[in-house]
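*Asks:* Before we start, here is the structure in question, set down as structure tokens.
The numbers here are math on the coordinates, done by the rules we state, and not lab data. As the structure is a prediction and not an experimental result, all values here were calculated from the model. Virtual Cβ from ideal backbone geometry, glycine too; neighbours counted across all protein chains shown.
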Amino acid sequence: MKIQHILKKEDFTEILLKGRKIHGEIVVVYISPREDLRRKTVSVGVIISKRLASLAVKRNHLRRVIYAYFRGHESPSLKGRKIVVRLKSNVNKYGKKELSGRVREELRKLTRITA
């Protein structure tokens, strides 16, 4: 599925205020109501605090994992939506492989709830 990155502060704020919030153990997913049924892309933004992932390498790795998940995820229920994924818990204790697996698994569970 094609994705667009959410970059503007106003877009993040709108989704965080109006979107549906789904909590997981590691991340919180905010999903906006579907705006345009004809759009075939999903807009994705990622918020990762320095407090929760202190190393820039880990923050960037998480962003890549999250964007890759949505790029490879074919779900008709997500098309035309805007999604923000926010890190919720401290991930400094996990290695790269374990963290990638946990985040992918959690995103799979949370996005299945929205379908």
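*Asks:* Among GLY24, GLY80, GLY95, which one shows the biggest mean-square fluctuation in a GNM of the chain, springs joining Cα atoms closer than 10 Å?
*Replies:* Among GLY24, GLY80, GLY95, the largest mean-square fluctuation in the Gaussian network model of the chain belongs to GLY95.
*Asks:* GluC sites (Glu not before Pro) within the range 11-79: which are DSSP loop residues with at most 16 other Cβ atoms inside 10 Å?
*Replies:* GLU25, GLU35, GLU74
*Asks:* Here's another thing I want to ask about it. I want to make sure I understand the PRE zone here: with the label point 7 angstrom from the Cα of LYS2 toward its beta carbon, which residues in the range 73-115 have backbone N atoms less than 19 Å away?
*Replies:* Correct set: 73-83.
*Asks:* Cα centroid distance between the range 15-34 and the range 54-77, in Å?
*Replies:* Answer, in whole Å: 16.
*Asks:* Taking just the alpha carbons, could you work out the radius of gyration and Dmax for the chain, both in angstroms?
*Replies:* Rg and Dmax of the chain, Cα atoms, are 13.4, 42 Å.
*Asks:* While we're on this one: Report the extension gain between THR13 and GLU25 in nm, rounded to one decimal, defined as 0.36 nm multiplied by the number of residues separating them, less their alpha carbon distance.
*Replies:* 2.1 nm
*Asks:* I've got another one for you. Determine the percent antiparallel among the DSSP beta bridges restricted to the chain, to the nearest 5.
*Replies:* If we restrict to bridges inside the chain, about 55 percent are antiparallel.
*Asks:* Taking R0 as 30 Å, what FRET efficiency do you get between ASN92 and ALA68 from their Cβ-Cβ distance, rounded to the nearest 0.05?
*Replies:* After rounding to 0.05, the efficiency reads 0.90.
*Asks:* Student exercise: in the range 19-115, how many lysine pairs 8 or more apart or on different chains have Cα atoms under 21 Å apart?
*Replies:* 22
*Asks:* Same structure again: Of all the C-alpha pairs in the range 6-47, what % are more than 12 Å from each other?
*Replies:* Working: 544 of 861 pairs.
Roughly 63 percent, once rounded to a whole number.
*Asks:* A follow-up question, please. Could you line up HIS5, HIS73, HIS61 from fewest to most neighbouring Cβ atoms inside 10 Å?
*Replies:* HIS5, HIS73, HIS61
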